[in-house]
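First comes the structure, then the notes that go with it.
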Amino acid sequence: MTAELVRGQNHPLSQARLEVRISAGTPVVAAATFGDADGRIGGAERVAHPGGPVLPGLEVSRQAAAGHRLAVDLDAVPDAVHRVSVLLALPAPGRTGPVRFGAVAAPFVAVTGLDGSEIASFTMTGLDAETAVIALELYRRQGAWKVRAVGQGYAGGLAELLTDQGLADAHALAATVHEAVARGRADAVPAPPPRPAEGDRFRPTAAPALGPDHGDTAAQGAPGPVPSPPAYGPQTPGTPGQSPAGPQQPPPPFPGGPGPEDTTLAQPPAPATGGPVDYSHPRRQTTAPPPPPPAAPPAEPGQPARPVAGDATGWSMEERLYNQVWGMFEDLARTMAAYRSAVDFADSRLEKELDQVLSDPRSRIGGRGDAARETARERYDSLVAQARQVLDRDLTQLAAESDVVEPALPLAYARWDHPVWHDYRVPMEIPMAVRLGDLHLPEADGVRIPMLVRLPLERGLWIDSGRAPSLDGSFGDAHELRGLALEAAVAHAARLLAVHPAGEFTVHVVDPAGAGARELAPLVRSGVLATPPAAGAAGVTDVLSRLTQRVDLVQMALRGGAADALPPGFDTSQHLLIVNDFPHGFDDRAVNQLRYLSDEGPSVGVHLMMVADREESAEYGPLLDPLWRSLLRLTPVADDHLADPWVGHAWTYEPPLVPSGSQVLQRVLTEVATARRTWGR
């Protein structure tokens, strides 16, 4: 049960790894401070803010947004810290928007587990002239952590708030925070405008009961898958947002790029009195309009329209199918939210009615209590049956849509058992996205949603080899899980190679002890690797140094506005580094280089794929926490760790493993290697 706190109330915390979800009616700046037993900060290094978003066990957002998710690991917070205060502030004056919290909806904060389950929530009502507020604080009490609703506002803004917490240079730090927010806003890519409605696009009729804790999808992300796009998960891959015509790609929760191009045709402006004269031809267009989507066959009377592949908006069939898949993802998330909300309501109503029966002494005489309990349970069964009927109707429609969409998916979106792989040829263009697995919910096990992640990759990948057992208990051996994790990494790398043109994607492998020779054999035998897998300390150092220098060189060229000044013959392809058996065989320098590649590499085309068990690297302490959070976590077996960006369901992820006995992976890699030799890459 969620504890709905009022100002000053506290609640115990039973988990160490948490999220603080913030929802506001306007973009706000989120920050946090580490305080001593008296709540004093002591120095700017104890403040996490958009200009410096990471402290041990704590990470905040880098930008102002109407929704935030702050990551907290209480076990990693230094022992000297007794209070973690979560702060909200309006961006600096001078921008358009509200100038006080009293002019917007009451901000809402919720402390949740990593699975999205709420532990405590707090709505900050009664704010007026305040421009900064301490929302809540996590504090130690007798060796345990608790959360307290604070809601203390400051009309003087962030500087006054930090001064009150004992920070000497509060005004300078407040200026730094607002400057970082302004800089991030200037660099952000605006979301595309809404697309035209599709009319017959299926949407669930039951509206889910959403709470404000789900936040703003622009700040959340999908597996990331859903992010940005969730998070999956965030982000975090980039994660699409809601649209009447199928989902688009909003700004993801992690640094990333824009979504698909807006398909709304430019219309000539209406004449305005006194305005400038528009000399452009009113019917001349600079680009050809997209062909119309395929028409659905006529439906029988009283029946829903039969689904058709590619009925979403887009300039190409690939983009239409991409948007349609994300539309199915959102449809299933919201219809399941409606069903779960209805069941929760039925449960609470049954509990309330049974309590009323037990509290009435008259119900103990003459069997009246038994009749009342039976009536309450019949009403409960009726409510649940109605909710299930609506869910089954929506699932039937989604399953029918999946049946026509799955066979029509292009190569980059298709499963390994799809017939399109039998006639594989190296493509000439980079696709919009790539499939990294499937997602489903326990109540709708028959409906699988492809997990599509935009290209180029905006985050690295982490194939977790350490979680056991799987959901069905089929894999519990640590050695077997490590082998499965590396096999999954090879399948992901093969797919990325297969969907890129010849020479446009390069793969490196680091295997210090040579423990993955069997699983890496398909990549080695086919000859698609840039160099043989690096082994030993010298090999690890060589590969990491070359990729680090590459990132430095490209960054300097881009920042200096001299991208054409790169050395002649410079390899401009995307690079992927597969790291196996981490942290064995990696010294402190190598660990820092991996962190650098995970943070700075994706923006210049260098990507990281870690095959590792997080627990085995615990000796590094909180040093590696930012590394794990910067990567999209995938598993070699089915696992329910990804959340959607709309309602935060815990989705079961299934990796895209090659069917047992199939030779499709070897055929594809052989074709890629042949094309690379033909093109001299």
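The values are calculated or read from the model by the stated rules, or taken from the named source; none is laboratory data. This structure is a prediction, so every number in the text was calculated from the model and none was measured. Reconstructed Cβ throughout: ideal geometry from the backbone, glycine too, with neighbour counts over all protein chains shown. Just the protein is used for accessible areas: all its heavy atoms, side chains included, with ligands, DNA and RNA removed. Shrake-Rupley method; radii C 1.70, N 1.55, O 1.52, S 1.80 Å.
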Criterion (part of a helix (DSSP H, G or I) and either under 24 Å from E615 (Cβ atoms) or in contact with a strand residue (DSSP E or B) (Cβ under 9 Å, 6 or more places away or on another chain) (or both)) met by exactly one of V453, V524: V524
Subset of region 405-430 (residues that are surrounded by 15 or more Cβ atoms within 10 Å (Cβ to Cβ) and more than 20 Å from V528 (Cα to Cα)): V405, E406, A408, L409, P410, Y413, A414, R415, H418, V420
Test: residue in region 355-375 that is in contact with a helix residue (DSSP H, G or I) (Cβ under 6 Å, 6 or more places away or on another chain), among the charged types (D, E, K, R) and modelled with pLDDT of 85 or more: no
Selected residue (only one of I134, I119 is among the β-branched types (V, I, T) and within 25 Å of the chain's Cα centre (by Cα)): I119
Filtered residues of region 17-49 (kept if touching a strand residue (DSSP E or B) at 6+ places or on another chain (Cβ under 6 Å) and among the aliphatic types (A, V, I, L, M)): L18, V20, I22, A24, V28, V29, A30, A31, A32, I41, V47, A48
Filtered residues of region 158-175 (kept if open to solvent by 10 Å² or more (accessible area, probe 1.4 Å) and part of a loop (DSSP other than H, G, I, E, B)): Q165, G166, A168, D169
Count of region 71-92 residues which are closer than 20 Å to L173 by Cα and either of a type outside the set (A, V, I, L, M, F, W, C) or within 24 Å of the chain's Cα centre (by Cα) (or both): 6
Region 637-666, subset open to solvent by 30 Å² or more (accessible area, probe 1.4 Å), small (G, A, S) and in a loop (DSSP other than H, G, I, E, B), residue modelled with the highest pLDDT: A638
Residue among L634, L669 that alone is at pLDDT 90 or above, of a type outside the set (D, E) and under 21 Å from D115 (Cα atoms): L634
Matching residues in region 607-636 - criterion: being touching an Asp or Glu at 6+ places or on another chain (Cβ under 8 Å) and outside any helix (DSSP H, G or I): V611, A612, D613, R633, L634, T635, P636
First in region 380-404 and of a type in the set (V, I, T), second anywhere and in a helix (DSSP H, G or I) and surrounded by 13 or more Cβ atoms within 10 Å (Cβ to Cβ), Cβ under 9 Å, 6 or more apart: V384/A342; V384/V343; V384/A346; V384/D347; V390/T335; V390/A338; V390/Y339; V390/A342
Residues of region 384-404 classified as open to solvent by 60 Å² or more (accessible area, probe 1.4 Å) and among the β-branched types (V, I, T), total: 1
Test for S630: is it open to solvent by less than 20 Å² (accessible area, probe 1.4 Å) and in contact with a strand residue (DSSP E or B) (Cβ under 9 Å, 6 or more places away or on another chain): no
Qualifying positions in region 561-597 - of a type in the set (D, E, K, R) and closer than 18 Å to T548 by Cα: D571, D587, D588, R589, R595
Any hit, region 589-602, residues being buried (at least 24 other Cβ atoms within 10 Å of the Cβ) and β-branched (V, I, T): no
Strands (runs of 3 or more DSSP E) (entirely within region 1-102) containing at least 1 residues that are surrounded by 18 or more Cβ atoms within 10 Å (Cβ to Cβ) and in contact with an Asp or Glu (Cβ under 8 Å, 6 or more places away or on another chain): 17-35, 65-73, 83-89
Failed item, numbered, when E615 is tested on (1) surrounded by 14 or more Cβ atoms within 10 Å (Cβ to Cβ); (2) within 23 Å of G516 (Cβ to Cβ): (1)
Region 481-536, subset among the hydroxyl-bearing types (S, T, Y) and open to solvent by less than 30 Å² (accessible area, probe 1.4 Å), residue nearest to S662 (Cα to Cα): S526
